[in-house]
Amino acid sequence: MTARNRYDAVAVGLHWLMAAAILALLGLGFVMTGLKPGSPLQFKLYQLHKSVGVLVFGLAVLRLGWRLGHQPPPLPAAMGPGERLLAHAGHWALYGLMLGLPLAGWAVVSTSPYNIPTILFGVVDLPHLPLPRDLNALAKGTHMIGAWLLIATLMGHVTAALRHHFVLRDDVLVRMLPRFGRE
């Protein structure tokens, strides 16, 4: 496979780092919301969830900038126009969710009646957005719906990658895998 037919090391690294962080966020989200409200463990998990969410936002900005400055490998020639449209729509939906969900989460904590500070990784204080408290229900709903949309979009993304690899037997999945010393 030529360099032109695969993503560069920065794109691959950002992809897999963000994949791990997003899966961690989803797991944390399900666990922390199922815990006893106000428990010390719940508080710690919320702080970790917020910290990783801000990290994902920063990585998404970096990744989008990288993507806009670096041409990705072309889609397989055998892909029809509808499949190409779905591929592009899915990728841009992922970018939108990777940027929008952290912002919605920030709006949730900024409008919370509890006024709990966000201390990123226990070190940096993240100020609240200057938003009115009456937006809290909207922000919570947006964040929750966005999380479910992200899950659905990720399922489509993974299913498409596996279909390309195991059914169509093309290089769509392989070109995003880390090389680990392979040529």
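The values are calculated or read from the model by the stated rules, or taken from the named source; none is laboratory data. Note that this is a predicted model, so its numbers are computed, not measured. Here the Cβ positions follow ideal geometry from the backbone for every residue, glycine too, while neighbour counts run over all protein chains shown. Accessible surface areas use protein heavy atoms only, side chains included; no ligands, DNA or RNA. Shrake-Rupley method; radii C 1.70, N 1.55, O 1.52, S 1.80 Å.
Couple of notes before you dig in:
- Any hit, the range 159-175, residues being under 16 Å from A19 (Cβ atoms), part of a helix (DSSP H, G or I), under 22 Å from the mean Cα position of the chain (by Cα) and basic (K, R): yes
- Residue check, G100 of a type in the set (G, A, S), open to solvent by less than 70 Å² (accessible area, probe 1.4 Å) and under 21 Å from K140 (Cα atoms): yes
- Residue check for L75: under 22 Å from V52 (Cα atoms) and of a type in the set (A, V, I, L, M): no
- Verdict on A60 being surrounded by fewer than 17 Cβ atoms within 10 Å (Cβ to Cβ) and not hydroxyl-bearing (S, T, Y): no
- Residue count, the range 150-183 (criterion: in contact (Cβ under 8 Å) with a residue 60 or more places away in the chain, within 17 Å of H88 (Cβ to Cβ) and among the aliphatic types (A, V, I, L, M)): 4
- Residue check for Q42: open to solvent by less than 80 Å² (accessible area, probe 1.4 Å) and in contact with a strand residue (DSSP E or B) (Cβ under 9 Å, 6 or more places away or on another chain): no
- Selected residue [outside any loop (DSSP other than H, G, I, E, B) and open to solvent by less than 60 Å² (accessible area, probe 1.4 Å)] from L86, L55, L28: L28
- Scanning the range 117-128 finds no residues that are open to solvent by 50 Å² or more (accessible area, probe 1.4 Å), over 29 Å from L68 (Cβ atoms), free of Cβ contacts under 8 Å to residues at least 24 places away in the same chain and part of a helix (DSSP H, G or I).
- Unmet requirement for V12, which otherwise passes all of (1) over 13 Å from the mean Cα position of the chain (by Cα); (2) β-branched (V, I, T); (3) open to solvent by less than 40 Å² (accessible area, probe 1.4 Å); (4) farther than 19 Å from V172 by Cβ: (4)
- Annotation: of all residues in the range 153-173 being among the aliphatic types (A, V, I, L, M) and closer than 23 Å to M98 by Cβ, the one that is surrounded by the most Cβ atoms within 10 Å (Cβ to Cβ) is V172.
- Some residue of the range 103-110 being of a type in the set (S, T, Y), surrounded by 11 or more Cβ atoms within 10 Å (Cβ to Cβ) and more than 18 Å from the chain's Cα centre (by Cα): yes
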